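Notes follow the structure.
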Amino acid sequence: MAYEAVPIDVEIQKLTAAERDALSRYKIHENINTFLENENVPVVIGGFIAGFLGVKLAEDIITDLESRVGKLSADVKQGIRDTVDIKLPTFGAPAPTAPTISDLITYIKAEIG
């Protein structure tokens, strides 16, 4: 049996199934809010999105080229994938620091405009 430190003025009661379920949902909600309040979450999510879009972009380039010029060799396909991976912008930040989502949006606006 597990024991926890309980303040003197708190009375311990057995919870009903509905109360236990409500408490469990509250704790899950609290954990999600704690996760989302972390300042690094947008950076991590942005990194995943940028990585996904980079892979998608490389595959779209390969598909487009193959439809225009015919079958590409494995070396050419890998070269395209490597080029797209290398060319993701770092915005002058040191290598361990990923760009923020607002940095990515600013970069995309500058490239399109």
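The values are calculated or read from the model by the stated rules, or taken from the named source; none is laboratory data. Here the structure is a predicted model, which means the values were calculated and not measured. A quick note on method: Cβ atoms are made from the backbone with ideal geometry, for glycine too, and the neighbour counts reach across all protein chains shown.
Every residue, every condition in (1) surrounded by 10 or more Cβ atoms within 10 Å (Cβ to Cβ); (2) at positive phi; (3) in contact with a helix residue (DSSP H, G or I) (Cβ under 8 Å, 6 or more places away or on another chain), yes or no:
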site: Ile32; (1), (2), (3): yes, no, no
site: Pro42; (1), (2), (3): yes, no, yes
site: Ala50; (1), (2), (3): yes, no, yes
site: Arg68; (1), (2), (3): no, no, no
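The set of residues in the range 44-57 that are of a type in the set (A, V, I, L, M) and closer than 16 Å to Ile108 by Cα comprises Ile49, Ala50, Leu53, Leu57. Would you mind stating whether Gly54 is under 30 Å from Val76 (Cβ atoms) and touching a Leu at 6+ places or on another chain (Cβ under 6 Å)? Yes. Applying a threshold of 7 Å to beta carbon distances and a minimum spacing of six or more residues, or different chains, the list of pairs starting in the range 25-44 at a residue that is touching a residue at least 24 places away in the same chain (Cβ under 8 Å) and ending at one that is outside any helix (DSSP H, G or I) and among the small types (Gly, Ala, Ser) reads Val43/Ala98. Within the range 67-113, the only residue that satisfies the criterion of being of a type in the set (Asp, Glu) and modelled with pLDDT of 85 or more is Asp75.
In the range 1-57, the residue that is nearest to Ile80 (Cα to Cα) out of those that are hydroxyl-bearing (Ser, Thr, Tyr) and either assigned to a helix (DSSP H, G or I) or under 12 Å from the mean Cα position of the chain (by Cα) (or both) is Thr34.
In the set Asp9, Asp21, Asp60, Asp64, only one residue is exposed (fewer than 10 other Cβ atoms within 10 Å of the Cβ), out of contact with any helix residue (DSSP H, G or I) (no Cβ under 9 Å at 6 or more places or on another chain) and either under 18 Å from Leu104 (Cβ atoms) or modelled with pLDDT of 80 or more (or both); that residue is Asp9.
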